[in-house]
1. In the list GLU81, GLU105, GLU63, which residue meets the criterion of being modelled with pLDDT under 90 and either acidic (Asp, Glu) or in contact with a Lys or Arg (Cβ under 6 Å, 6 or more places away or on another chain) (or both)?
2. For THR201, only one of the following conditions fails: (1) under 19 Å from LYS76 (Cβ atoms); (2) hydroxyl-bearing (Ser, Thr, Tyr); (3) modelled with pLDDT under 95; (4) open to solvent by 30 Å² or more (accessible area, probe 1.4 Å). What is its number?
3. Restrict the check to the stretch 103-122 and report whether at least one residue is touching an Asp or Glu at 6+ places or on another chain (Cβ under 6 Å) and open to solvent by 60 Å² or more (accessible area, probe 1.4 Å).
4. Does any residue of the stretch 127-141 turn out to be in contact with an Asp or Glu (Cβ under 6 Å, 6 or more places away or on another chain) and open to solvent by less than 50 Å² (accessible area, probe 1.4 Å)?
5. Does ASN150 satisfy the criteria of being assigned to a strand (DSSP E or B), open to solvent by 20 Å² or more (accessible area, probe 1.4 Å) and free of Cβ contacts under 8 Å to residues at least 12 places away in the same chain?
6. Among ASP56, ASP19, which is at pLDDT 65 or above, among the acidic types (Asp, Glu) and over 30 Å from ASN134 (Cβ atoms)?
7. Scan VAL117, VAL97, VAL71, VAL104 and give me the residue that is among the aliphatic types (A, V, I, L, M), within 16 Å of ILE172 (Cα to Cα) and touching a Leu at 6+ places or on another chain (Cβ under 9 Å).
8. Could you count how many residues in the stretch 80-102 are hydrophobic (A, V, I, L, M, F, W, C) and open to solvent by 30 Å² or more (accessible area, probe 1.4 Å)?
Amino acid sequence: NSFREVSITNSSAFTGGCDAETDEDYRTRLIETKTGDGFGSREYYKKLGRVTGTHDIALVPSETHTAKVIVNGYQKPITDELLATVTAQYTNEKNLVYNHSFEVEKATFTIVDLTIVMTVSDEIQDSVIETILNNYFDGGIININNQQFNSKGCSVNSKITNYELMTFIETIDGVIQVTSLTSTADFPLTPANNKVLKLGTVTITQNIAE
């Protein structure tokens, strides 16, 4: 058996429809929505602070209509100029959901010191390794094996495992194996609440492979 083709025609035109929502319509709808104390428009507010120079934005929950905004930049700490730019975004009433306000602060850091023992094919300048590791933590361009990579860097409250860091170090040109990786803090490296991991002192021992 086969199905016969069926067609349906409405006796009257559709009503009440609308065109696809534009970005501006979406923005307007978000900021006109009266959300509760939980700051339901959290993703909107995170995007609001993403101006040039910001790495990430963290919103600290509040039991009132005033929330804390923590600004983490690629330059650490962020400049006063960048803080002022982001603050302007959060104090412009046109951008805010009804009855919400914000306190904008610079991100602060949890410093971690590393001790690394590695086997290398030839001696590498410690300063080169330290620069690469700083860019790994902070975010920025990293040169590895004659190629450039853009490191994401650490966000507010983000962690780094021993395996992740050891694997990364072993991608550095000339490093054969990391035989020991320890830190002043336990792994996974975890920042204090609402802080950002930042590299402190690096102690490196290089053993040349025979």
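The values are calculated or read from the model by the stated rules, or taken from the named source; none is laboratory data. None of these values were measured; they are calculated from a predicted model. Here Cβ is always computed from backbone atoms with ideal geometry, including for glycine, and neighbour counts include all displayed protein chains. Accessible surface is based on the protein model in full, side chains and every heavy atom, while ligands, DNA and RNA are left aside. Shrake-Rupley method; radii C 1.70, N 1.55, O 1.52, S 1.80 Å.
1. Numbers: GLU81 fails: modelled with pLDDT under 90; GLU105 fails: modelled with pLDDT under 90.
That would be GLU63, the only listed residue that is modelled with pLDDT under 90 and either acidic (Asp, Glu) or in contact with a Lys or Arg (Cβ under 6 Å, 6 or more places away or on another chain) (or both).
2. So the condition that THR201 fails would be (3).
3. Start the filter on the stretch 103-122 by keeping residues that are touching an Asp or Glu at 6+ places or on another chain (Cβ under 6 Å), which leaves none.
No: the stretch 103-122 contains no residue that is touching an Asp or Glu at 6+ places or on another chain (Cβ under 6 Å) and open to solvent by 60 Å² or more (accessible area, probe 1.4 Å).
4. First pass over the stretch 127-141, keeping only residues in contact with an Asp or Glu (Cβ under 6 Å, 6 or more places away or on another chain): none.
Looking for residues that are in contact with an Asp or Glu (Cβ under 6 Å, 6 or more places away or on another chain) and open to solvent by less than 50 Å² (accessible area, probe 1.4 Å), one finds none in the stretch 127-141, hence no.
5. Working: assigned to a strand (DSSP E or B): yes; open to solvent by 20 Å² or more (accessible area, probe 1.4 Å): yes; free of Cβ contacts under 8 Å to residues at least 12 places away in the same chain: yes.
So ASN150 passes the test.
6. Working: ASP56 fails: over 30 Å from ASN134 (Cβ atoms).
Of the residues listed, the single one that is at pLDDT 65 or above, among the acidic types (Asp, Glu) and over 30 Å from ASN134 (Cβ atoms) is ASP19.
7. Numbers: VAL97 fails: within 16 Å of ILE172 (Cα to Cα); VAL71 fails: within 16 Å of ILE172 (Cα to Cα); VAL104 fails: within 16 Å of ILE172 (Cα to Cα).
After applying the criteria, what remains is VAL117.
8. If we filter the stretch 80-102 for residues that are hydrophobic (A, V, I, L, M, F, W, C), which is where we start, we get 82-84, 86, 88, 96-97, 102.
When the remaining residues are screened for being open to solvent by 30 Å² or more (accessible area, probe 1.4 Å), the result is 83-84, 88.
Selection size over the stretch 80-102: 3.
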